[in-house]
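Derivation of every value follows stated rules applied to the coordinates shown; laboratory data play no part. Because the structure is a prediction, the values reported are computed rather than measured. Here the Cβ is made from the backbone with ideal geometry for all residues, glycine too, and neighbour counts use every protein chain on show.
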């Protein structure tokens, strides 16, 4: 029984480490966006993708560890969807406290990552909207080359300059 609980604890610790690193990366992305540091932003985005892939693999290991711990701790009343609280209640004391703490810290890390992800999403949308506006102004400014049409008027209205687009 103890080895299954120890395996679950090890898997939860690994997942907590990955989630904590993901929080650092997401926080770094927000900082890089604020500084308009595209090189750092690109590197952080690649690291984020790597961490998300690792977390997806870790999820499968966690499910297997939970299933094995459930069989060992809950005996005949084993359920596929056993919660950390149910497993902790059935575990002996040193492991019980550790399971409860790990589950709580993991919940907090996941929530913090979700919050940072939402903030990064909003910031990204605002930046892309601003860039889209700049490109729209630049595209309009390119239509006037100083020629007049058949009606004797200029082909486009007042010419916009790149300085106008950035202002």
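See the values below:
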quantity: Rough spin-label spacing in nm, given labels placed 7 Å along Cα→Cβ, for residue 45 and residue 75; calculated: 5.5 nm
quantity: Computed lengthening from residue 101 to residue 135, 0.36 nm per intervening residue step minus Cα-Cα distance; calculated: 7.2 nm
quantity: Cβ-derived FRET efficiency at R0 25 Å, residue 60 paired with residue 128, nearest 0.05; calculated: 0.15
quantity: Förster radius 25 Å - calculated FRET efficiency between residue 119 and residue 35, Cβ distance, rounded to 0.05; calculated: 0.95
quantity: Rounded if a/c under 1.5, otherwise prolate or oblate - the range 29-80, Cα gyration tensor axes; calculated: prolate
quantity: At 0.890 mPa s and 25 °C, Stokes D of the range 2-125 from Kirkwood alpha-carbon radius, µm² per second; calculated: 156 µm²/s
quantity: FRET efficiency estimate (nearest 0.05) - Cβ-Cβ, residue 20 to residue 86, R0 30 angstrom; calculated: 0.75
